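Chemist: Here you go, one structure.
Only the coordinates and a few stated rules stand behind these numbers; no lab work does. Source: prediction; values computed, not measured. Cβ sites come from the backbone with ideal geometry, for glycine too, and all protein chains shown count toward neighbours.
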Amino acid sequence: MEARQSRRTIETVESEMPEHERDFVFTNADFARIRALIYQVAGISLSDHKRDMVYSRLARRLRARSMTVFGEYLDYLERSRDESEWEAFTNALTTNLTSFFREAHHFPILADFVAHRKGPLSIWCCAASTGEEPYSIAMTLQEALGANARNASILATDIDTQVLAKADAGVYSIEQGKNLSAERLRRFFLKGTGAHAGQMKVRPELRQMLKFGRQNLHEDRWAVQGPFDVIFCRNVMIYFDKPTQGRVLEHFVSLMKPDALLFAGHSENFTYVSRSFRLRGQTVYELANGAATRGAAQSAPAQTEAVREEAS
Ligand SMILES: C[S@@+](CC[C@H](N)C(=O)[O-])C[C@H]1O[C@@H](n2cnc3c(N)ncnc32)[C@H](O)[C@@H]1O
């Protein structure tokens, strides 16, 4: 949390800076190269108004590498196979805004859905950010299923390794838990004391329902394999163009059980992008042709363990 806050402080200061007061020259050509690179690696389409944000976030990468020219940094990225720098570049350009029970109307729908399912549940949260969303899913399952929630598995992935590390740790500020009821705080979190005052930690019983791993939705081949009962894909498609969204959605089709649900973010409408989905409720989708895919999905083995083990 501290790291994110300091990142915001730097961003605010630098993005409000007149260009001539900036540490590094940042040209239109630099911005165009960055846009092309992040699109290529993550499918993220950066609009013009992200220019200041891009400058402030990548200026830190230049400082970290003791470089003084954007072109030099970008040449290095393109020419080297420095995977850790590519990771840092990608992490720097993602937007990770999230919160517990964000878009709260989805969680009663999830609770009702899982209460009527038979067999072990498999849920994928594919843009998990710092973890508030998958932990909200886990809390919902515990509330809806009681002890049976132990049989459910929740896979939480993201492209950004920095946010995944935070999600994995399950430590949040008390402030981040302000939207949680007293009952949820008591049941699902431990309150920090002493050096950890002001923080709260997800209880082990909740933590053990989740596995974390990196999955870039823009890659052609995914390590994640289904079939899933539920996919949460909220507030990430907004960063993708339509062809990328279409490819991601078609991939989801192959990973969903025939009667599975797909949860989208409040401003994401998948029916404009793919005919494979039909709206079932407010930003909740089901497969348009669930029956036709039933055989394929049922015969596919549940192979989520590989990525889950790798992530743990
Ligand atoms: C705005 S957050 C949304 C978090 C959460 N789903 C929610 O709705 O609160 C978007 C997340 O998408 C992730 N992301 C961006 N591009 C991605 C990609 N190509 N593959 C996987 N995750 C990606 C970002 O790292 C970020 O954590």
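Chemist: How many residues, within region 217-249, are without any contact (Cβ under 8 Å) to a residue 40 or more places away in the chain and assigned to a loop (DSSP other than H, G, I, E, B)?
Modeler: 4
Chemist: Condition check: surrounded by fewer than 20 Cβ atoms within 10 Å (Cβ to Cβ) and of a type in the set (Asp, Glu). Does GLU133 satisfy that?
Modeler: no
Chemist: Within region 202-243, how many residues turn out to be basic (Lys, Arg) and over 27 Å from GLY146 (Cα atoms)?
Modeler: Residues that pass the stated criteria total 3.
Chemist: Can I ask one more? Got at least one residue in region 116-124 being away from the ligand (no atom under 16 Å from the Cβ), part of a loop (DSSP other than H, G, I, E, B) and over 22 Å from GLN208 (Cα atoms)?
Modeler: For region 116-124, residues away from the ligand (no atom under 16 Å from the Cβ), part of a loop (DSSP other than H, G, I, E, B) and over 22 Å from GLN208 (Cα atoms): present.
Chemist: Tell me which residues, restricted to region 171-202, are in a strand (DSSP E or B) and charged (D, E, K, R).
Modeler: LYS191, LYS201
Chemist: If you go through region 125-147 one residue at a time, how many are in contact with a helix residue (DSSP H, G or I) (Cβ under 6 Å, 6 or more places away or on another chain), small (Gly, Ala, Ser) and within 13 Å of the ligand (Cβ to nearest atom)?
Modeler: 3
Chemist: Condition first: part of a helix (DSSP H, G or I) and either of a type in the set (Gly, Ala, Ser) or in contact with a helix residue (DSSP H, G or I) (Cβ under 9 Å, 6 or more places away or on another chain) (or both). Can you find one or more residues in region 96-105 that meet it?
Modeler: no
Chemist: Please go through region 71-110 and give me each residue that is within 12 Å of the ligand (Cβ to nearest atom), aliphatic (A, V, I, L, M) and buried (at least 18 other Cβ atoms within 10 Å of the Cβ), ordered by number.
Modeler: Within region 71-110, ALA92, LEU93 qualify.
Chemist: Does any residue of region 250-267 turn out to be more than 16 Å from the ligand (Cβ to nearest atom) and in a loop (DSSP other than H, G, I, E, B)?
Modeler: No; the residues of region 250-267 include none that is more than 16 Å from the ligand (Cβ to nearest atom) and in a loop (DSSP other than H, G, I, E, B).
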